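Step one of this worksheet: look at the structure below.
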Amino acid sequence: SGTGKDDDATKDNAKDLKYAVITHSGPGDAFWDRVKSGAEKAGDDYGVAIKYSADPDPAQQSQLIDSAVADKYDGIVVSMANPDGLEEAIKKAVAAGVPVVTINSGVDRFKEFGAITHIGQTETIAGEAVGERLKADGAKNAICVIQEAGNVGLEERCKAVAETFGGKISNLQVDGTDDSAVQATITSKLQTDKSIDTVLTLGGQYAIDAVGSIEESGSSAKVATFDLSEDVIKNIQDGKIEFAVDQQPYVQGFLGVTTLYLKDINGNDVGGGQPVNSGPAFITKENADAVLKFAANGTR
Amino acid sequence: MSRKTATKPVTTAAVPAAPGTVVIEVKDIGKRYGNIIALSDVSTSVRAGEVTCVLGDNGAGKSTFIKILAGAHEHTDGELLIDGEPTTLSSPRAALELGIATVYQDLAVVPLMPVWRNFFLGSEITKGAGPFRKLDVDEMKRISKSELAAMGIDLRDVDQPIGTLSGGERQCVAIARAVYFGARVLILDEPTAALGVKQSGVVLRYIAKARDRGLGVVFITHNPHHAYPVGDRFMLLRRGKSMGDFPKSEMTLDELTSMMAGGAELESLAHELESTLGADSPLAQEMKAEVQ
Amino acid sequence: MSRKTATKPVTTAAVPAAPGTVVIEVKDIGKRYGNIIALSDVSTSVRAGEVTCVLGDNGAGKSTFIKILAGAHEHTDGELLIDGEPTTLSSPRAALELGIATVYQDLAVVPLMPVWRNFFLGSEITKGAGPFRKLDVDEMKRISKSELAAMGIDLRDVDQPIGTLSGGERQCVAIARAVYFGARVLILDEPTAALGVKQSGVVLRYIAKARDRGLGVVFITHNPHHAYPVGDRFMLLRRGKSMGDFPKSEMTLDELTSMMAGGAELESLAHELESTLGADSPLAQEMKAEVQ
Amino acid sequence: MATATAVDERIARTSTLTKLMKRPEIGALAAAIVIFAFFAVTTDTFARSQGAATWLSGASTIGIMAVAVALLMIGGEFDLSAGAITGTTGLVVGILTTEYGLNVWAAIFVSLAIALLIGMVNGILVMRTGLPSFIVTLGTFFVLQGVNLAGTKALIGQVAIQGLSNVPFYDQAKAIFGDAIDINGSAAGGQLRISVFWWIGVTALATWVLLRTRVGNWIFAVGGAQTSARQVGVPVFKTKVGLFMTTAGAGWLVGMLLVFRTSTVQAGTGVGQEFIYIICAVVGGCLMTGGYGSAIGAAFGALIYSMVNSGIVYSGWENDWLFTFLGVMLLVAVLLNEWVRKRAELAR
Amino acid sequence: MATATAVDERIARTSTLTKLMKRPEIGALAAAIVIFAFFAVTTDTFARSQGAATWLSGASTIGIMAVAVALLMIGGEFDLSAGAITGTTGLVVGILTTEYGLNVWAAIFVSLAIALLIGMVNGILVMRTGLPSFIVTLGTFFVLQGVNLAGTKALIGQVAIQGLSNVPFYDQAKAIFGDAIDINGSAAGGQLRISVFWWIGVTALATWVLLRTRVGNWIFAVGGAQTSARQVGVPVFKTKVGLFMTTAGAGWLVGMLLVFRTSTVQAGTGVGQEFIYIICAVVGGCLMTGGYGSAIGAAFGALIYSMVNSGIVYSGWENDWLFTFLGVMLLVAVLLNEWVRKRAELAR
Ligand SMILES: Nc1ncnc2c1ncn2[C@@H]1O[C@H](COP(=O)(O)OP(=O)(O)OP(=O)(O)O)[C@@H](O)[C@H]1O
Ligand SMILES: Nc1ncnc2c1ncn2[C@@H]1O[C@H](COP(=O)(O)OP(=O)(O)OP(=O)(O)O)[C@@H](O)[C@H]1O
Ligand SMILES: [Mg+2]
Ligand SMILES: [Mg+2]
């Protein structure tokens, strides 16, 4: 296959197309797993080959981008948690004629780097929305549970929540690889500060741990979380979790690939130079039933 | 010295053979470490009720030879027969199970472990049954303390890590252990090297006793005065090769000494020592006597 | 034997003192390991041009004593004077810098390193200058090979890791090294323990030579036949205490032997050996002679 | 010939207390006490029953692994796959029950068998190839990490087990592995996890094995001087393979405790924990080079680690500095530990 | 007395080739060749100039650290803070220049001084307290990790440096640390990172020091038998502290290479990398127990690690299985390594 430099229909045989999806996810992250599923589903539907790879370190992620260019992929979908870190690699890819779509974070810089468009929703948008909602619910004292120390995206989310929340909010670092430690840490925090009325977790898994902590500590705090899982929805239905923010990761993966595909088969520039928002959506007791089925499939 | 059979769990062949029986026989045995030929074409036998002395210069291959008998190294050439059966001892445990106990030149002790644990390592005394079988600590401490005292080593505390003992004390532990557990063959690699006069005497007495009890003994030493009185047969190694196997009846102490020291080469040394130390120096005289 | 001063970079005090000068003096020195008193109240001196033999039973504290002189352990009681100055040797390097070289009982070698690197460890020969100063490998290999050959050890390859040498070969490396680098005082802890007759002779000759060159020598041995010919003074340790310091003129070999063996206690052993080995056994006779 | 003299002039003095002071865990005990006292005084909740229940529960799962890892380290080896195994076993139970409808107990035994097999493979690989266990078990670790993630995704389509609490007989297993006992009559008064009792049991058993059985003797020997141990007839191969299987078995136990406590496991469970186990063992007095250490010490190490982690939260210190506090506390604990041990050595 | 006999009947045979085969890195070299061949045959891009440029660049930064860590391991110690230091130094440069407007070169020297200081503290703590370096440097690691995060957040309000490429003289520093050279005339033909040359230089220097200088001799000795080394007069303290400072200095170099390559650093940079360095050193033939190993071997170890990582990507294998592939490859590499080494031993 060619380099994709020519927009006119030189590659109507879609079977030959291959796209690389390169994110800043750590291994086994539930959110990014759904991005991956979305991208792969799109690949299946369109009959193009998708290769997913990820590394949280920008230098490594750059290297993955370099590899994809060297390997002559027809397009790259990339998440930009740290735009400066990827600048060189992305610009090089664009210079080499490989179309790039950015997803998730990086909305401010995609144009500068020459990407077709940006699909997603910044950590800031989601975070601010959550902050407003918590404020509206009357929360005064919240903790924001960070499961991976120093993760750029997670830090930004908590910061954005704090911006619109208005009340007191403090970060709590937990060891995300050990659920029982997560639970113990949240319990400890709730025991020390009895005025905490909201526990905000940044992954569905940790919301379940937080529910356990609340039972354990006898606190009356409410739980809110980013991202979904089957258990999260069940807990929402049971009223143990107040709401979940669905960033619709599946959409980010799916639309990322779709954008590249449309560019290849039809020369379309989705968004016309403007970013496309993929979310957020709030899941509460009211609409939980509707998404349960999808969450069980691992697509929401 | 009370000995329970329960204390020797690894030893199945506990009864020494009739005196004179060949227990171990080696035929043209050899050992290479990579391209280094440490031993080649050595043939000899170890008989019950006899002390076989292995003599030779530094680096002649003595330790290598006994490590093969002890199961610590597998031989690379030749044949090893135990009770007439061709065998390759895959591990020292296999040798121990055949009743062959060894004192290694580097002693084979675990420095951080207490003396009594080292003494009984691999052959611990236990009491109780089933899942509640546990070490009989008091008994083991008592035995190790008394066995060492019998060698003239009066330890402060058998709970001391063996690594903090003096060189000679450590060697005594290794010897006492082998003597205590050796059932058919006792192999001693320079057991008296670090020992005082008294302790050396005790070790020689032990060797003689073991022989009298019908054990086959292999004894390595550099001291002809230690080898001659207890040895029945002398095997001389030089540069990895056997120089032959001599019964005691065919040799005098002087012949033995001169053979061990490498004969002619010693002459010049004796002369030199004479001039340095004076002709009446016992050492110089001894050397002169050795070169005849 | 060519020696360049460049080869002894750690030794600043390279000139031996006049014979008879006291180089090291110890006053009521003692050493405790935790609650274990290994040495107490020992006083003696090491003089240039003299061989001081330290004798004693296993565990008597000999090695502990010389480790203090060598800077390997700090003493816990008493005083150590070097050239009349009260000193605490904080490290062996400090001792080496004062010209005190030591052969430790456990040899102080690094098993995984080649023989020649061990030989020159801490005192490497270099060539070139500034940042390009590099090891003079060929020279070091040559010297170590020839120094060992002079002791009767003909190594296959000085590049062999020292851990694969035989016990005696390893000991010879340690001795050759100390002799090569010892400038004022030479301390030898049972240097002849693992050595053959020939190599022992060479070591004794080295000791005599070093003494003649004006070095102070401290020599530990369990063998009265080795101690008597070269020793000028004999210090006897028993259970961590000094039994006194005797000049050679005041003793005979027999007295020395009996003193080392602990006198009366030996009597019973000699009798027993006599009955086990026969009255004409040289060992039994020797023992009998020792107990008078 | 005299055997033992009543008073030996070569010994300064001895007492039962100083004998006790020689144990490798003494330093860790002292450090644990100091850290407990520190947080008990500076925070409100730490020493209350709810607080104590929290950090005890945290210590229990880490502690079980630390004890097993300590045995292995005394035996001279490492197991970097120990953390991943807790995930693997939990995932196996989760997948078999929620996806394939297997009986909970059957799933539990299948996962035990798998754990022991992994341990055996580790042990045999290490002993047969002569490669350092650090690198072999690192390989197993990577393999397990990948299998945990990809296998789980392939079988259930997501990266965490969901809905485990609805499978039949879940409550039976929960009663054994996941239960908690109210301390002051109500959950709010603090709940003591059943895992704490497992932890105490495992520590006691390990201590008994180490100090009072033949196998314990062999463990010290193979770690302290493998060649010597072999030369005196210790079955080195069996001992070491057994140790790897013990660690894997402990990994299974912890996997069960985790999965039935939270009723969920994620594919990443346990990754990175392997070093925490080693840290606890070393803080508890084990030597990295093998041949020395104690099981109780490792249990104290886990306690220290968990107390520090909780204590920092209770103290309400700025959370970004968490790791800095943790590092400083760790250094303080081991320095204290070493200081006490040295004093004990001298005074013994 | 004869010195050396020309032919010794006690030696089977020798040749220069077999002499070469005795080097510790020979196994790693063989493994690297096999892995290169494997991916070169099974994928298109791996052996092309662009592909090679990618994995060489990946190997270079890991390799520099692996070489330094290998020296330290030969000297018998570990440094778990080595990864975090790469982050610390990068952050220091980033913060000082972007936030406080310090000259780039001044910032670089400040960060070097900080790195050396950290190394010295590590070394002195280890030597003075007698604690295992594993635990001491773990403490430093935690402290640094916390400082990197909290300090950065406190000073610049976020966890990643942005806008570094706009500071004055950035291009000068980039030319030295961050540049790349076009291989086939254009960037598309593959760009060889300047870090690759640094890596080669560091490896060569370390090899020279190890094998041809007194310090090298001392490094082997303190790692192989510390007491013996001390007894023959090796300055153990200086050697070890020097080694810790070397590792920290290498961490600084890698920090600079990273920050001027990507023009950004994150607070989490380098965390978790410390074990990768150790892995590379061990794959390259270093013993965990010290006293044996080589610098070139560690460089090969890094090469293997990077080639496997890139090769898996080029092979297009399912990403979920990444770690499994990595683990299997690692095991294959070390097994091959060991096999070659054993053969070499026997044939020498
Ligand atoms: N593991 C090994 N690798 C290589 N060479 C070895 C190894 N072990 C021993 N050798 C060599 O084999 C030869 C014989 O060694 P051995 O230990 O058997 O000698 P020995 O007769 O016991 O000497 P000594 O009286 O000094 O103890 C020596 O030259 C030694 O260098
Ligand atoms: N590090 C230590 N800790 C505790 N006790 C020790 C230590 N080193 C030596 N000892 C004890 O001190 C005493 C003296 O030991 P030393 O090594 O000086 O004896 P020695 O006279 O050299 O004996 P040998 O002739 O057997 O070598 C011994 O009883 C020994 O157990
Ligand atoms: Mg020998
Ligand atoms: Mg001694």
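Quick notes on this one:
- Orphan Cys of the protein assembly as shown, criterion: no other Cys C-beta under 4.7 Å: B:C53, B:C172, C:C53, C:C172, D:C280, D:C286, E:C280, E:C286
- All-pairs alpha carbon distance profile, the range E:24-332, 20 Å steps from 0, percent: 33, 57, 10
- Chain E: DSSP helices with Cα axial extent of at least 18 Å and average Kyte-Doolittle hydropathy no lower than 1.6: E:26-42, E:104-129
- Shape box of chain A [Cα atoms, principal axes, largest first, Å]: 65, 37, 32
- Counting only DSSP beta bridges whose two residues both lie in chain A, roughly 10 percent are antiparallel.
- Rounded if a/c under 1.5, otherwise prolate or oblate - the range C:76-147, Cα gyration tensor axes: prolate
- For the set D:K342/E:K342; A:K111/A:K293; B:K248/C:K145; B:K198/C:K241, the pairs lying more than 30 angstrom apart at their alpha carbons are D:K342/E:K342; A:K111/A:K293; B:K248/C:K145.
- Kirkwood estimate for the range C:21-261, i.e. one over the average of 1/r between Cα atoms, Å: 18.4
- Cα-centre dipole for the protein assembly as shown with unit charges at Cβ (Lys and Arg positive, Asp and Glu negative), debye to 20: 1900
- Distant alpha-carbon pairs in the protein assembly as shown (separation over 70 angstrom), percent: 15
- Sequence-distant lysines (8 or more away, or on other chains) whose Cα lies within less than 21 Å of A:K168: A:K135, A:K140, A:K159, A:K189, A:K194, A:K222, E:K153
- Put simply, the amide H of E:C286, placed in the peptide plane, has neighbours under 5 Å in E:S294, leaving out anything fewer than 5 places away on its chain.
- In chain E, the beta-carbon sitting nearest the axis that superposes E on D belongs to the residue given here with its distance in angstrom, E:T289, 3.
- Take B:G163, move 7 Å from Cα toward the beta carbon, and the resulting point lies 1.5 nm from the same point in each other copy, nearest first.
- When only the Cβ of Lys, Arg, Asp and Glu is charged (+1, +1, -1, -1), the dipole of the range A:103-208 relative to its Cα centre reaches about 280 debye.
- Distance from the range E:242-268 to the range A:127-143 (C-alpha centre basis), Å: 40
- Mean separation of Cα contacts under 8 Å (6+ apart) over length of chain A, as relative contact order %: 20
- Per-residue Karplus couplings for the range B:95-112, computed as 6.51 cos²θ - 1.76 cosθ + 1.60 with θ equal to phi - 60°, are listed in order as 5, 4, 5, 8, x, 9, 10, 10, 9, 7, 4, 8, 6, 6, 10, 9, x, 7 Hz, Gly and Pro entered as x.
- Nitroxide proxy distance, nm - points 7 Å out along Cα→Cβ at C:F132 and C:L81: 5.1
- B from C by rotation - nearest chain C beta carbon to the axis, in Å: C:A193, 2
- Neighbour-count ranking [beta-carbon atoms within 10 angstrom, fewest first] of A:T185, D:T137: A:T185, D:T137
- Placing +1 on each Lys and Arg Cβ and -1 on each Asp and Glu Cβ, with no other charges, gives the range D:212-348 a dipole about its Cα centre of roughly 780 debye.
- Interchain or long-range residues, amide H under 5 Å from D:G76's placed H: D:G291
- Among E:S133, E:S60, E:S49, residue whose mean-square fluctuation peaks in a GNM of chain E (springs only between Cα atoms under 10 Å): E:S49
- Zero-based 10 Å bins, Cα pair distances in the range E:109-178, whole percents: 17, 33, 32, 16, 3
- When the charge dipole of the protein assembly as shown is built from unit charges on Cβ atoms (+1 for Lys and Arg, -1 for Asp and Glu) and taken about the Cα centre, the candidate among B:M140, D:F244, B:G201 whose Cα reaches farthest toward its positive end is B:G201.
- Which of E:T324, D:T86 has the fewest Cβ neighbours within 10 Å, and the rest in rising order: E:T324, D:T86
- Cα-only Debye scattering, the range E:151-295: base-10 log of I(q)/I(0) at q = 0.19 Å⁻¹: -1.20
- Averaged over C:59-65, number of beta-carbon atoms from partner chains that fall within 10 Å: 4
- Positive-end extreme of charge dipole, the range D:155-246 - chosen from D:A204, D:G163, D:Q226 (charges on Cβ): D:Q226
- Between the range C:125-139 and the range B:16-60, the Cα center-to-center distance that results, in Å: 47
- Cα lying deepest toward the dipole's positive end in the protein assembly as shown, options D:V254, D:L326, C:C172, charges on Cβ: C:C172
- Shortest-first distances to equivalent copies, position B:A18, nm, label 7 Å out along Cβ: 7.8
- Modelled label positions at A:A95 and E:K238, each set 7 Å beyond Cα in the direction of Cβ, lie 4.9 nm from each other.
- Across the identical copies, the 7 Å label point of C:R142, projected outward along Cα→Cβ, sits 6.7 nm from its counterparts, in ascending order.
- Distance between modelled label sites at C:M251 and E:R128, nm, 7 Å Cα→Cβ extension: 4.7
- Proximal charge balance of E:I278 [Cβ under 13 Å; K/R count +1, D/E count -1]: -3
- Scaled radius of gyration (Cα, divided by 2.2 N^0.38 Å) that the range D:242-317 gives: 1.26
- Sparse-neighbour loop sites [chymotrypsin sites (Phe, Trp or Tyr not before Pro); the range D:85-194; at most 15 other C-beta within 10 Å; DSSP]: D:Y100, D:F169
- Ranking of A:E215, B:E85 by count of other Cβ atoms within 10 Å, fewest first: B:E85, A:E215
- Size descriptors for the range D:57-192 (Cα atoms only): Rg and Dmax, in that order, 17.3, 56 Å.
No lab work stands behind these numbers, since they all come straight from the coordinates. Since the model is a prediction, treat every value here as computed from it, not as a measurement. Here the Cβ is made from the backbone with ideal geometry for all residues, glycine too, and neighbour counts use every protein chain on show.
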